[in-house]
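Trainee: For reference, the structure I am asking about is given below.
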Amino acid sequence: MTEQELLRRESLAKLKELGVDPYPAEMYEVTGYAADIVANYQEEVLEDGTKNRLNYQQVALAGRVMATREAGKALFMNLQDTTGRIQLYLRKEEINGGDENSPMFDTVVKKLLDLGDYIGVKGFAFRTKTGEVSIHVQEFKFLSKALRPLPIVKRDAEGNIYDAFTDPEARYRMRYVDLTVNPDFRQIFIKRAKLVKTIRTFLDDLGLLEVETPILQPIHGGAAARPFTTHHNTLDTTLYMRIANELYLKRLIVGGFDGVYEFAKMFRNEGMDRTHNPEFTALEFYVAYKDYNWMMDITEQMLEKVARALDPDGGSTVQVGDRTIEFAGPYRRLTMFDAIQEYTGINVETASEDELRAYCKKVHIEVDNSMGKAKLIDEIFGEKVEASLIQPTFLIDYPVEMSPLTKIHRSKPGLVERFELFVNGKEVANAYTELNDPIDQRERFEDQLRLAERGDEEAMALDEDFLRALEYGMPPTAGIGFGIDRLTMLFTGQQSIQEVLFFPQMRPEKNV
RNA sequence: GAUCUCGUAGCUCAGUCGGUAGAGCACUUGACUUUUAAUCAAGGAGUCAUGGGUUCGAGUCCCAUCGAGAUCACCA
């Protein structure tokens, strides 16, 4: 144990000796919050120059002590509660209750109270000489003693931060410390919650039903990815953590729910980097009797709502670095082929597979001979177009080979009715007119099986029960999936997925 | 999975050519009844990520391991 930890344990023992309970059980009634009081405290100056305090004259706050400034027989503290910080002012005579021999001020407050301790205070609001709204404390109570020292982050009047707690490893492993000493990061998670809430309200208002579907699945369908595998003891069977929930949501459409949505944790056993965490959150929703054109309209409406909800002034734009992204629709709609034509000059419709392969080699895109024309098109798009799509853009009409769950295009042979939404050069949504022809779906699954036999670990598994469901009849349906983490990154200007997850996955810690 | 960079006090960081481990904040003791990055005086605090190697001598050079970050590959 470090010196400071030992000292805090000694303080704890001394508190108990003095009859102070460092961890009281009873509730503490809070009647005021730092941010409210700082924002709303009022006083009037009378004709004789004296001040008349108008509100918060009997208030109880609770929070952590984040700084102390001793001034002889007085003491200032910064108290941090869930809303922010406020200064406390304590005077010896009051804390001691008039008893000269009381240990409360000199021992309990000045010596045994440490930074990071939770306390409750009762008193009245006032404004100090220097103009800071503060609480004049008349009663104070230990609520919880901290046995480890917090990193001390200081901030001056201009807002400059000193000794910031910045080590990403420490911040992510000890998010509780990060959230305590870096209140700015709290805003990211508050915005995330608001984003989810805005979407939920939007979808509820559309008349969709929020549902839950299995996370433990006997067949990992609905996406191309490697799953986590687990085992159920009683059933003695292999189960997979879901990589997608799409096939379950469509079963509910078959069952007669015309619109369903789910905020769903997905699990993919793949690499981790600043845009990938092994578990992440997707929003998927499916609406009967609609198609992908309708879904594009709805996406525009939904994202504009989100942008306005998160913007302090209700605006529809988001600033990402030096780029201003406009979320009010309509968004540009560009076919994949037109996009490639525009950014590379290649007409992929007329180009042969060999010509595309030759182009890839020329511009140093890695290719191998197993790649068919569709895969080459996808590579060229990813390499040459994707990063250029800054303003929200629907990329539409994909080759059928890449989209085993998507309905064949109503007029363009070889393509499917699919779109992906790109913003700031990154994909944020993937949607299609759902394939509801059970015979076509079976053939697409069989194509996937052939890919799996050739060693494609991410090929989609054939789900007989899902096909049985389609054979009972699924209405024409539009569906979409959003990456909620990435959407949050976009709306909060974060470069790393770890900044929008409270507890990003880390390698196990050796010595805690 | 590959490459590069990093790991020194509770936090943020210095540490030269290989020669006794440093600073600010935090902490301890003292002063101070409106301070606010409080101030002033004094003091304590380190398995230099871990393990090996080279050397008279390693925080520093070499190797391995662990952890993190960035870039790339794959994916959402």
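Trainee: From the residues in the stretch A:365-396 that are among the charged types (D, E, K, R) and under 17 Å from A:ILE346 (Cα atoms), which one is most open to solvent (accessible area, probe 1.4 Å)?
Mentor: Checking each candidate, the answer is A:GLU383.
Trainee: Same structure, new question: What are the residues in the stretch A:195-217 that are surrounded by 15 or more Cβ atoms within 10 Å (Cβ to Cβ) and under 19 Å from A:ALA429 (Cα atoms), if any?
Mentor: Within the stretch A:195-217, A:LEU195, A:VAL196, A:THR198, A:ILE199, A:ARG200, A:PHE202, A:LEU203, A:LEU208 meet the criteria.
Trainee: Checking A:MET336 against (1) crowded, with 18+ Cβ neighbours inside 10 Å; (2) of a type outside the set (Gly, Ala, Ser); (3) more than 31 Å from the chain's Cα centre (by Cα): exactly one of these is not met. Which one?
Mentor: (3)
Trainee: Now for a different question. Answer yes if at least one residue in the stretch A:72-93 is away from RNA strand B (no atom under 13 Å from the Cβ), of a type outside the set (S, T, N, Q) and not in a strand (DSSP E or B), and no otherwise.
Mentor: no
Trainee: Here's another thing I want to ask about it. Those residues that are in a loop (DSSP other than H, G, I, E, B) and in contact (Cβ under 8 Å) with a residue 40 or more places away in the chain, I need them from the stretch A:33-64; list them, please.
Mentor: Correct list: A:TYR33, A:TYR41, A:ASN55, A:TYR56, A:GLN57, A:GLN58.
Here's the yes/no breakdown for (1) open to solvent by 10 Å² or more (accessible area, probe 1.4 Å); (2) without any contact (Cβ under 8 Å) to a residue 12 or more places away in the chain; (3) hydroxyl-bearing (Ser, Thr, Tyr):
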| site | (1), (2), (3) |
| --- | --- |
| A:LEU235 | yes, yes, no |
| A:ILE253 | no, no, no |
| A:VAL260 | no, no, no |
| A:PRO312 | yes, yes, no |
| A:GLN319 | yes, no, no |
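Trainee: Something else: Output the number of residues of the stretch A:104-127 satisfying the condition of being open to solvent by 20 Å² or more (accessible area, probe 1.4 Å) and touching a residue at least 24 places away in the same chain (Cβ under 8 Å).
Mentor: 10
Trainee: Is it the case that A:GLY97 is surrounded by fewer than 16 Cβ atoms within 10 Å (Cβ to Cβ), within 12 Å of RNA strand B (Cβ to nearest atom) and modelled with pLDDT under 95?
Mentor: no
Trainee: Being away from RNA strand B (no atom under 16 Å from the Cβ), open to solvent by 10 Å² or more (accessible area, probe 1.4 Å) and part of a loop (DSSP other than H, G, I, E, B), is that true of even one residue in the stretch A:290-302?
Mentor: Yes.
The values are calculated or read from the model by the stated rules, or taken from the named source; none is laboratory data. Computed from a predicted structure; not experimentally measured. Cβ: placed from backbone, ideal geometry, glycine included. Neighbour counts: every protein chain shown. For accessibility, only protein heavy atoms count, side chains too; no ligands or nucleic acids. Shrake-Rupley method; radii C 1.70, N 1.55, O 1.52, S 1.80 Å.
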